[in-house]
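Laboratory data are not the source of any read-out in this text; all were calculated from the coordinates shown. Keep in mind it's a predicted model, so treat the numbers as computed, not measured. Note that each Cβ is placed from the backbone with ideal geometry, even for glycine, and that neighbours are counted across all protein chains shown.
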Amino acid sequence: MIDEIRRANRGTRVQYVMMVIFGGLCVLAAFAPFPDIIRITTVGTLFGFTAGLWVSHLIQVLRRAIDAQQSDVQTAVETQ
Amino acid sequence: MTQSESQSQPDGSSDQPTFLRGIEFITGPDPNLGSFLLTIGIVTCVFIALFQFTMPSPVSHLLTAGVITITVVSAGFAALLDSLNYFDQSSDSVSQVAPDPTQTSKPWVPEKRVSAPLPPMINFDEELSELQAQFDGELPDQFTPFLEDYRRLKTNPKNRMSIASDLRADLNPISVILDEDTPEYEPYQRMSDGLFRYIGDSADHLSVTEVTSRDAAGEPQEVGAIAGDLAVFDLSVHNEGEATDVEVIVEFYDGDESLSTWSGSLKSVSPGATETISTNIYVPESTNRMRTDARPA
């Protein structure tokens, strides 16, 4: 159980680090002295990566919360 | 992330820097709705400002719309997670890693959060504390089945009647080690009486504790003095059992002859609560006494 929590925490940590990296690159690309078409493409792509990571992270968190609640209900039924 | 990767750093979370532990606060352990929404708001502002100040006109609007969409989706997720009680569970996680309750100083406190409080008549925390003190801080082995069922009673509000019957049976081995003349017998007797009442008629769990009748001027009066008038009645009902809707009945008499009956209701009176209903009732002429009653609706 504790190992699972630790593993989940490490996954969370990796997701946050990747979001920070892609978000930071997005900011850098927005200020980069390149032609507009390249800047727009790069910024759009990097923002897409960042947003995608965030939404997938939220889905994982939601699934974990639902699993935790279902296991609570299961425990309550078993103890009755 | 694979299983082997996670096992390569078995103690990674305990000796990691504070900063790395801190960045998990939004959706990691001990999450908090306030910090979640604040972070989403800050990131939204930063990205909108970035796109508005650095991108040419039509693209900046499109990217801003994308940011706002992600913000709305995140807020939706936050609402869902909040409805699942995901946020602010730090006290629960602490209680979940607590040691075996039989080894703690209060073995009658369950590990799980209690979703519905016990009615006063079957809340034996005080009695068990007394007994524990009288047994020099450690309850004898004969209490073990009682304590197990008592913890079940606290965490299973829907099945309490049958668990209370089990508890009555669990008192038998305890009665063997107690002498009627000893001080330990009194809390035992209270527990036994409480269970007996709880298992019995649920109408006995409700009582009308206070009745006040007032005339049109608001002055408290005896019921005989306001006969033939409309009077204001304040009826206080105390519930010693489970939460229930209550029907309150007032019956007016002339001697033994019933003249009229009034009934009203109180919604969901909590265990141990006293609730008051105030109402106008016409008191029939020739009334010289009244009777009040409360029963489950």
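Just a few scattered comments:
- Between B:Ser265 and B:Ile249, the distance separating the two model label sites (each 7 Å from Cα on the Cα→Cβ line) works out to 1.6 nm.
- Using R0 = 35 Å, the C-beta based FRET efficiency linking A:Val17 and B:Asn85 works out to 0.80.
- Cross-link reach is defined here as a Cα-Cα straight distance under 28 Å, omitting same-chain residues fewer than 8 places apart; for B:Lys106 the lysines meeting it are B:Lys154, B:Lys158.
- The overall shape of segment B:124-165 is prolate: from the C-alpha gyration tensor, with semi-axes ordered a ≥ b ≥ c, the ratio a/c is 1.5 or greater and a/b exceeds b/c.
- Separation of segment B:205-226 from segment B:151-171 is 39 Å, based on Cα centroids.
- Taking a Cβ cut-off of under 10 Å around B:Pro187, the surrounding Lys, Arg, Asp and Glu residues balance to a net charge of -4, with basic ones at +1 and acidic ones at -1.
- Shape call, segment B:99-200: gyration tensor on alpha carbons, a/c limit 1.5: oblate
- Taking a ≥ b ≥ c as the square roots of the eigenvalues of the Cα gyration tensor, an a/c ratio of 1.5 or more together with a/b larger than b/c marks segment B:204-296 as prolate.
- Peptide A:46-56, shielding by other chains (average Cβ, 10 Å cutoff): 3
- Qualifying GluC sites (Glu not before Pro) in segment B:222-259, DSSP loop, other Cβ atoms within 10 Å at most 12: B:Glu222
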